[in-house]
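**Student:** First, the structure itself, so that you have it in front of you.
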Amino acid sequence: MRVIVGQFAHETNTFSVQKADTEDFHKLFCYRGNEVPAKLAGTSSEVAGFLDVAQREGWSVVHTVATFANPSGKVTDRAWHELGGIILEAARANPDIDGVLLALHGAMVTESHDDAEGQLLEELRAILGPDVPVAVTLDLHANVSDRMARHASALVSYRTYPHVDMRERGQEAAELLRRAMAGEVRPQTVVARRPQLLGVAGGRTDTGPMLDVLARARALEQEPGVLSISVNAGFSKADIVDAGPAVTVTGDGDDPRWRTMAEELMDMVWATRADRGGRVLTPAEAARHAAAWQGEAGRPLVIADAGDNPGGGGYGDSTSLLQALLEAGVRDVAVGSIRDAEAVAAMAAAGVGAEVTLEVGGKVDPVFGGPPLRLTGQVVHVGPGNFVHEGPMWAGLEASFGQVAVLRTAGIDVMCATNLLQLLDRNAFRVAGIEPAGKRILVVKSSQHFRAAFGPMAGEILVVDGGGLTTRDYDRMPFRKLRRPIFPLDTQ
Ligand SMILES: [Zn+2]
């Protein structure tokens with residue numbers, strides 16, 4: 001069997017002013033051809049899962065592109081054509097291909113396409129014709145469209161948040177493709193949704209209502225003919241028609257039971273809509289708690305700056321939490337990280353050991369997350385920000401903050417980074433010379449993914465909304481294209 005393998009993934013926060021161009025995909029990873037297996041085999045990624053099955057089955061794999069940019073604003077048309085075009089071109093060049101495996105996100109929006117994955121799959125289907133099976137993995141935060149379900153044969157979303165099952169889902173999709181190529185099954189997918197932007201507590205799977213919905217989905221998967229069921233929490237910072245939770249059921253052939261199952265699970269998701277996933281503090285509340293916090297050595301208080309999560313398209317330069325910690329006199333803190341290329345360059349020019357006064361953060365859009373802070377301190381680290389994720393999430397994957405520098409001010413080590421990247425791994429601190437277990441308090445710009453690596457070592461975890469672009473205050477988001485009425489904007 002000959003199989004096309006590709007990955008083209010982006011979670012698009014349509015409220016961000018920072019578009020994702022081709023260079024932004026290269027900043028995280030963008031592998032071509034034989035680089036794909038060299039870099040991704042064996043890692044905690046969907047492509048690794050595809051390759052596990054391909055190797056076992058002895059498939060001949062046509063490698064195309066595997067790329068993922070940090071979430072941000074819309075993908076440029078240029079990046080869309082350059083990167084998506086590689087996958088389409090491979091389909092054109094291999095008219096005898098037996099199947100296609102794609103790792104997509106499901107919440108990509110481009111300058112021209114609100115439903116970018118639906119567009120890509122429709123164009124791909126037009127090249128392949130109706131009979132070549134296409135199995136697709138999606139993020140748990142996919143905004144699944146009817147068009148995606150129509151043009152893909154099978155959709156398989158992550159079942160964990162933090163996302164630690166990417167490889168397993170890749171294997172599952174590849175196994176489905178194997179059965180479809182062998183003629184054992186003819187996968188078809190239906191999708192269901194409700195008038196809700198939010199649900200299942202954002203999809204978190206360490207606790208909360210998502211676990212009940214997933215358990216029911218696993219039970220329904222035991223019914224005859226059901227191939228895979230996915231519960232998507234949706235991505236809410238997307239001003240597109242179909243944003244919000246969705247359930248997909250992939251079954252063997254066309255059967256009305258798939259629709260019935262999807263609707264039953266969406267009834268469960270609808271009932272969870274008021275659960276926002278735990279308590280969220282203001283920066284001042286968190287700073288007061290941190291100032292009084294007594295923990296044991298090696299088990300830091302971890303404060304998640306969920307309102308400015310680069311993993312949801314936040315700018316990563318919100319200063320409201322840092323400001324509150326400084327005002328409360330909290331010491332022995334590491335902040336990871338403030339994305340501020342200017343501050344990094346200024347510290348690099350001054351050199352390690354120099355005392356500097358800098359404007360830090362708040363530069364992209366101070367309306368979201370506070371103005372730049374004028375800080376005086378000592379430069380304690382300057383260096384490259386390339387590292388390999390320790391895991392469990394993204395274990396083995398390379399990433400880079402670009403150049404990094406650390407400013408020590410009033411007992412707080414402020415890690416500044418050139419590139420936007422969610423901080424979800426302990427090695428992300430170590431690359432800046434900070435041993436996370438050696439700090440009393442860690443600040444991470446992340447909403448939930450940080451729990452995979454930092455949960456086991458944390459003395460306590462606080463979640464803060466400091467008003468960045470991933471704030472929970474949806475009244476601040478100027479929705480225009482989203483279907484209405486919808487919870488929570490119009491209804492209870
Ligand atoms: Zn996600």
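The values are calculated or read from the model by the stated rules, or taken from the named source; none is laboratory data. As the structure is a prediction and not an experimental result, all values here were calculated from the model. Methodologically, a virtual Cβ is constructed for each residue, glycine included, from the backbone with ideal geometry; neighbour enumeration extends over all protein chains shown.
**Student:** Would it be correct to say that E184 is part of a loop (DSSP other than H, G, I, E, B), over 20 Å from the mean Cα position of the chain (by Cα) and more than 14 Å from the ligand (Cβ to nearest atom)?
**Tutor:** Yes; evaluated as a whole, the condition is true for this residue.
**Student:** Consider R147 against the criteria (1) over 20 Å from A41 (Cβ atoms); (2) crowded, with 24+ Cβ neighbours inside 10 Å; (3) of a type in the set (K, R): it satisfies all of them except one. Which criterion is unmet?
**Tutor:** Going through (1) over 20 Å from A41 (Cβ atoms); (2) crowded, with 24+ Cβ neighbours inside 10 Å; (3) of a type in the set (K, R) one by one, R147 breaks only (2).
**Student:** Which numbered condition trips up E296, out of (1) free of Cβ contacts under 8 Å to residues at least 60 places away in the same chain; (2) within 19 Å of G438 (Cβ to Cβ); (3) among the charged types (D, E, K, R)?
**Tutor:** Only one criterion is unmet by E296, namely (1).
**Student:** A follow-up question, please. Condition first: away from the ligand (no atom under 16 Å from the Cβ) and in contact with a Lys or Arg (Cβ under 9 Å, 6 or more places away or on another chain). Now tell me which residues in region 152-173 satisfy that.
**Tutor:** A152, S153
**Student:** Search region 98-111 for residues that are assigned by TED's automatic domain parsing to the domain that holds R186 and over 18 Å from R169 (Cα atoms) and pair each with any residue that is assigned to a strand (DSSP E or B) and within 15 Å of the ligand (Cβ to nearest atom) when their beta-carbon atoms are under 9 Å apart and the residues are at least 6 apart or on different chains.
**Tutor:** That search, which allows pairs on different chains as well, returns M108/A9; M108/T12; V109/T12; T110/T12.
**Student:** Only one residue in A149, A142 is within 16 Å of the ligand (Cβ to nearest atom) and either in the same structural domain as A107 (by TED's automatic domain parsing) or part of a loop (DSSP other than H, G, I, E, B) (or both). Which one?
**Tutor:** Exactly one residue qualifies, and that residue is A142.
**Student:** Among the residues of region 241-249, is any away from the ligand (no atom under 16 Å from the Cβ), more than 30 Å from P485 (Cα to Cα) and outside the structural domain of T418 (by TED's automatic domain parsing)?
**Tutor:** The answer is no, given that none of the residues of region 241-249 is away from the ligand (no atom under 16 Å from the Cβ), more than 30 Å from P485 (Cα to Cα) and outside the structural domain of T418 (by TED's automatic domain parsing).
**Student:** Inspect all residues belonging to region 290-306 and state whether any of them is of a type outside the set (A, V, I, L, M), surrounded by 24 or more Cβ atoms within 10 Å (Cβ to Cβ) and within 16 Å of the ligand (Cβ to nearest atom).
**Tutor:** No, region 290-306 contains no residue that is of a type outside the set (A, V, I, L, M), surrounded by 24 or more Cβ atoms within 10 Å (Cβ to Cβ) and within 16 Å of the ligand (Cβ to nearest atom).
**Student:** Which condition does V231 not pass, out of (1) within 19 Å of the chain's Cα centre (by Cα); (2) away from the ligand (no atom under 16 Å from the Cβ); (3) part of a strand (DSSP E or B), if it passes all the others?
**Tutor:** Condition not satisfied by V231: (2).
**Student:** For G277, work out the one condition from (1) touching a residue at least 12 places away in the same chain (Cβ under 8 Å); (2) more than 16 Å from the ligand (Cβ to nearest atom) it doesn't fulfil.
**Tutor:** (2)
**Student:** Test T260 against the stated conditions and say whether it is free of Cβ contacts under 8 Å to residues at least 60 places away in the same chain and surrounded by fewer than 24 Cβ atoms within 10 Å (Cβ to Cβ).
**Tutor:** Values: free of Cβ contacts under 8 Å to residues at least 60 places away in the same chain: yes; surrounded by fewer than 24 Cβ atoms within 10 Å (Cβ to Cβ): yes.
Considered against the rule, which asks whether it is free of Cβ contacts under 8 Å to residues at least 60 places away in the same chain and surrounded by fewer than 24 Cβ atoms within 10 Å (Cβ to Cβ), T260 comes out as yes.
**Student:** Still on this structure, I have one more. Within the set of pairs 6 or more residues apart or between chains, which connect a residue that is over 17 Å from G203 (Cβ atoms) inside region 160-174 to a residue that is within 11 Å of the ligand (Cβ to nearest atom) and not in a helix (DSSP H, G or I) with Cβ atoms less than 9 Å apart?
**Tutor:** Between residues of region 160-174 that are over 17 Å from G203 (Cβ atoms) and residues that are within 11 Å of the ligand (Cβ to nearest atom) and not in a helix (DSSP H, G or I), there is no close pair.
**Student:** While we're looking at this one, here's another question. Given the conditions (1) surrounded by fewer than 18 Cβ atoms within 10 Å (Cβ to Cβ); (2) in contact (Cβ under 8 Å) with a residue 60 or more places away in the chain, and given that M393 satisfies all but one, which numbered condition is not satisfied?
**Tutor:** Here M393 meets the rest and fails (1).
**Student:** Shifting gears a bit: Look at V404 and say whether it is in contact with a Cys (Cβ under 9 Å, 6 or more places away or on another chain) and not charged (D, E, K, R).
**Tutor:** The answer is yes for V404.
**Student:** Would you please list the contacts, defined by Cβ atoms under 6 Å and residues six or more apart or on different chains, that run from a residue in region 194-205 that is more than 16 Å from the ligand (Cβ to nearest atom) to a residue that is in a helix (DSSP H, G or I) and not aromatic (F, W, Y)?
**Tutor:** Taking only residues 6 or more apart or on different chains, the pairs are R194/M266.
**Student:** Among the residues of region 26-39, write down those that are of a type in the set (A, V, I, L, M) and touching a residue at least 60 places away in the same chain (Cβ under 8 Å).
**Tutor:** L28
**Student:** Being hydroxyl-bearing (S, T, Y), surrounded by fewer than 20 Cβ atoms within 10 Å (Cβ to Cβ) and in contact (Cβ under 8 Å) with a residue 12 or more places away in the chain is the requirement here; does S153 meet it?
**Tutor:** When the stated conditions are applied, S153 does not pass them.
**Student:** Here is a list of conditions, (1) surrounded by 20 or more Cβ atoms within 10 Å (Cβ to Cβ); (2) at pLDDT 95 or above, and A215 meets all of them except one; can you say which number that is?
**Tutor:** In the conditions (1) surrounded by 20 or more Cβ atoms within 10 Å (Cβ to Cβ); (2) at pLDDT 95 or above, A215 misses (1) alone.
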